[in-house]
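One structure below.
Each reported figure results from applying straightforward, stated rules to the coordinates on display, with no laboratory input. For clarity, every value in this text was computed on a predicted model and none was experimentally measured. Neighbour counts run over all protein chains shown; Cβ positions are idealised from the backbone, glycine included.
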Amino acid sequence: MNSEERVMGALARKPIDRVPSFEWELSRVVIEALTPGEDELGFVENMDLDGICVYPDYRNELIDDVTYRTEWGIVKRKTSEVQDIPAGGPVKEPEDLDAYRPPDPLAPWRLDTMNRALKRFKGKRAVILHLNDVFSLPSRIMAFDEFLMAIHTEPEMVDRLIGITVEYNIALAKRAWNEGLRIVMTGDDFCYSKGPMFSPEKFRELFYPWYKKVMAAYKDIGFMVIKHCDGNVLPLIDMITGAAIDCYDPMEPAAGMQLAWFKEKYGSTICLKGNVDCAQTLTFGSVEDTINETKECLRIGMPGYGYILSSSNSIHSKVKPENYRAMLDTLHEFGVYA
């Protein structure tokens with residue numbers, strides 16, 4: 001069984017030879033420490049990861065040495081991480097939406113990175129495209145705090161904005177399918193460690209109809225769908241998992257989320273991905289700590305299949321390279337099904 005088959009089998013909760021592993025994001029710092037001189041594709045191959053998550057390509061307009069404007073009109077500041085910091089958006093008033101246009105999903109370069117990954121890994125390792133559902137793009141196209149206020153003061157504007165981004169992602173997903181992609185992952189975080197950024201009632205009223213639409217569209221196209229959301233998701237979890245998804249990622253330990261609870265409640269219906277703590281164990285712990293936590297995740301996640309081992313969010317720049325290697329070595333030794 002190759003890595004692509006292993007990931008697809010895990011997502012479908014079917015018997016596989018061993019637990020697969022891949023990450024939402026991989027820091028350039030960790031890549032260079034473990035595989036000097038390699039790019040992310042080479043890192044995935046050298047470390048024998050079962051998949052790679054890639055992003056659509058956008059052309060940015062430089063403002064200064066550390067600031068740029070994306071094709072979405074979002075101003076961002078560069079960081080040492082994969083994700084840069086949003087610093088403002090083009091929509092402030094309902095009237096701004098009349099003139100607003102999202103990027104072109106048919107731009108020739110939009111899926112160049114995805115196609116490079118498919119060319120190298122198709123039929124060997126899983127390629128996962130990071131798309132969006134209902135929160136990350138709308139909450140950056142507006143200034144973040146203004147968006148959160150607009151949920152209450154301008155719900156019709158928020159609804160229109162979500163719709164624009166949903167329709168874009170569906171169009172891009174159709175194109176990705178036609179070019180050979182088979183797995184998408186939405187990385188929209190809408191929870192803090194204490195709970196959601198808005199009430200469950202607001203989520204159900206304003207976001208959930210669009211959330212169900214975009215996830216159902218991905219499934220109707222034919223994709224396996226992974227939903228990522230950090231934080232304490234418990235007030236929303238039945239809505240999150242009740243839409244058309246195949247896998248939920250992650251169960252953030254810092255937010256009190258427990259893999260065992262999710263496995264017991266949802267393990268018979270969806271795949272679960274996680275959950276070695278990247279905020280503590282992989283960052284501040286020892287190799288021995290990492291080995292022990294990885295073994296515990298495997299003990300909980302493996303029964304009945306439908307499990308992908310990964311960090312509890314991403315392999316960010318502060319993760320100790322030796323700990324990440326220990327996690328993968330432990331997986332390859334103890335993550336094999338009899």
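Tabulated data
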| quantity | calculated |
| --- | --- |
| GNM flexibility winner over the chain from K194, K227, K263 (Cα, springs under 10 Å) | K194 |
| DSSP-assigned coil residues among GluC sites (Glu not before Pro) in segment 106-210, each with at most 16 further Cβ atoms within 10 Å | E179 |
| Whole-Hz ³J(HN,Hα) from phi, Karplus 6.51 cos²θ - 1.76 cosθ + 1.60, for segment 134-142, glycine and proline x | 10, 10, 4, 6, x, 7, 10, 5, 9 |
| Difference of contour (0.36 nm per residue) and Cα-Cα distance, N2 to R175 | 59.7 nm |
| Segment L234-E146, length gained on full extension (0.36 nm per residue, minus Cα span) | 29.2 nm |
| GNM flexibility winner over the chain from E71, E45, E95 (Cα, springs under 10 Å) | E95 |
| Set of aspartates and glutamates near K119 by C-alpha distance (under 16 Å), chain-local residues within fewer than 8 positions excluded | E4, D39, E40, E45, D50, E179 |
| Part-to-part distance (alpha-carbon centres) for segment 1-58 and segment 265-305, which is given in Å | 17 |
| Placed amide H near S310: partners under 5 Å, 5+ positions off or other chain | G274, N275, V276 |
| FRET efficiency, 1/(1 + (r/R0)^6) with R0 22 Å, evaluated for V29 and F284 via beta carbons | 0.85 |
| Residue-wise HN-Hα coupling along segment 161-169, computed from phi with Karplus coefficients 6.51, -1.76, 1.60 (Hz; x: Gly, Pro) | 5, 4, x, 4, 6, 5, 5, 4, 5 |
| Under Karplus coefficients 6.51, -1.76 and 1.60, residue-wise ³J(HN,Hα) of segment 320-327 in Hz, glycine/proline x | 6, x, 5, 6, 5, 4, 5, 4 |
| Whole-number percent relative contact order across the chain, with pairs defined as alpha carbons under 8 Å at least 6 apart | 21 |
| Calculated [θ] (222 nm, deg cm²/dmol) that DSSP helices of n ≥ 4 give over the chain, each run adding -39,500 (n - 2.57) | -12000 deg cm²/dmol |
| Extreme residue, positive dipole direction of the chain, given options L118, A326, I74 (C-beta unit charges) | L118 |
| Distance (nanometres) between label positions extended 7 Å along Cα→Cβ at E81 and K212 | 3.3 |
| Exposure rule at most 12 other beta-carbon atoms within 10 Å, DSSP loop chymotrypsin sites (Phe, Trp or Tyr not before Pro): the chain longest free segment | 193-336 |
| Simple Cβ-charge dipole of segment 230-335, Lys/Arg +1 and Asp/Glu -1, about Cα centre, in debye nearest 20 | 80 |
| Placed amide H near Y55: partners under 5 Å, 5+ positions off or other chain | H130 |
| Signed unit charges on C-beta, dipole axis of the chain, positive-most listed residue I237, V336, W210 | V336 |
| Global geometry of segment 3-107, whether rounded, prolate or oblate, following the gyration tensor of its Cα atoms and the 1.5 cut on a/c | oblate |
| Debye, to nearest 20: dipole size of segment 3-334, +1 on Lys, Arg Cβ, -1 on Asp, Glu Cβ | 920 |
| Nearby lysines by direct alpha-carbon distance to K194 (threshold 22 angstrom, same-chain neighbours under 8 apart not counted) | K202, K227, K263, K265, K273 |
| Pairs of Cα atoms farther than 35 Å apart, the chain, % | 18 |
| Length added when fully stretched, Q258-A99, from 0.36 nm per residue minus Cα-Cα | 52.8 nm |
| Cα centre as origin, Lys/Arg/Asp/Glu Cβ charges: segment 105-180 dipole, Debye | 980 |
